[in-house]
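> Below is the structure I would like to discuss, written out as structure tokens.
No lab work stands behind these numbers, since they all come straight from the coordinates. For clarity, every value in this text was computed on a predicted model and none was experimentally measured. Here the Cβ is made from the backbone with ideal geometry for all residues, glycine too, and neighbour counts use every protein chain on show.
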């Protein structure tokens with residue numbers, strides 16, 4: 001599978017926009033800081049960390065010249081599952097990120113307590129993804145983050 | 001720990017794999033080579049079992065082109081009972097147990113709850129898995145992934161530390177109360 005193959009199915013082509021990518025990265029950084037605020041519930045810490053993961057995956061996709069098709073469902077899934085193609089993230093990490101996506105769906109609809117194990121996993125992954133996306137941009141598209 | 005499981009005492013490995021697949025996904029039919037591949041057993045023994053199970057009315061078979069498609073037979077007089085035995089012994093719970101075995105020392109208690117446990121599931125239902133212990137979320141998800149692929153269903157784990165679980169029990173948390181009041185399929189360990 002390539003990103004090209006997903007055109008019209010879940011992705012469309014765009015010209016990478018420096019200001020959009022910068023905004024997404026800055027938002028992800030803010031959200032990661034918030035994810036460490038211990039005064040809020042584990043649920044909300046999980047949510048902001050997850051949001052950062054989405055923003056980073058989106059930035060990676062846009063830096064490659066694509067975005068998710070707004071007319072199709074499953075944006076989150078697409079953004080996570082294309083991370084292997086956008087920044088070369090290893091498959092095992094993609095599997096875990098996808099499991100975090102499901103955790104969020106379940107928690108949103110069931111109101112169950114988000115376990116501490118899921119919160120710390122989500123925060124750790126947001127942090128390492130921030131690092132990975134920045135490293136990829138520096139290496140491959142430095143003009144987008146100047 | 002038991003040295004023999006109920007499933008092993010009652011059925012051969014091939015029978016378990018074939019029944020587990022076809023009764024685990026009763027709304028779908030599978031062609032011979034697909035069953036052989038998923039069962040990961042010898043072609044000869046799988047074909048023999050399929051023929052016997054069709055002859056006994058446990059399965060139905062239909063021809064499409066030169067492929068034979070097998071499916072659980074809901075008209076079989078012991079369909080409900082057999083589904084129950086499979087669910088409680090070597091079905092989904094057993095595959096999940098095998099997947100979790102490498103992490104067993106970090107797990108105090110693990111069970112399947114929700115629609116799969118009470119038999120109301122359809123073939124698309126997610127598998128809700130409770131895990132109580134000090135297991136790492138990432139390790140667990142990675143360990144479960146092959147079983148998820150084999151079952152063709154998503155497994156949704158909920159991992160609580162023993163401390164979190166005890167606190168929820170003490171507070172009579174609505175979610176925990178609900179889970180404990182409903183049917184469960186034990187996977188590893190014992191009730192805390």
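> To the nearest 0.05, what FRET efficiency results for residue B:27 and residue B:105 with a Förster distance of 56 Å applied to their C-beta separation?
So, using R0 = 56 Å, E works out to roughly 0.90.
> Estimate the FRET efficiency between residue A:26 and residue B:181 by the formula 1/(1 + (r/R0)^6), using the beta-carbon distance for r and 51 Å for R0, to the nearest 0.05.
Efficiency, rounded to the nearest 0.05: 0.60.
> What average number of partner chain Cβ atoms lie no more than 10 Å from the Cβ of the residues making up B:155-162? Write out the running numbers ahead of the final one.
Working: counts 2, 5, 6, 10, 6, 5, 3, 0.
Shielding by partners across B:155-162 averages 5.
> Which part of segment A:83-122 falls in the paramagnetic zone of residue B:163, meaning amide N under 20 Å from the point 7 Å along Cα-to-beta-carbon?
Backbone N within reach: A:113-122.
> What angle, in degrees between 0 and 90 and rounded to the nearest 10, separates the Cα long axis of helix B:79-88 from the longest principal axis of the Cα atoms of chain B?
40
> OK, next. Roughly what would the spin-label model give for residue A:109 and residue A:90, points 7 Å off Cα along C-beta, in nm?
3.2
> Which of A:128, A:41, A:110 ends up with the largest GNM mean-square fluctuation for chain A, with Cα atoms connected below 10 Å?
Taking springs between Cα atoms under 10 Å, the residue moving most is A:110.
> Something else: Most mobile of A:49, A:26, A:107 per a Gaussian network model of chain A (Cα springs, under 10 Å)?
Highest fluctuation of the listed residues: A:107.
> Suppose we keep just the DSSP beta bridges with both residues in the protein assembly as shown; what percent of those would be antiparallel, to 5?
75
> Still on this structure: Once you place label points 7 Å from the Cα toward the Cβ at residue B:81 and residue A:18, how far apart are they in nm?
It works out to 7.6 nm between the two label points.
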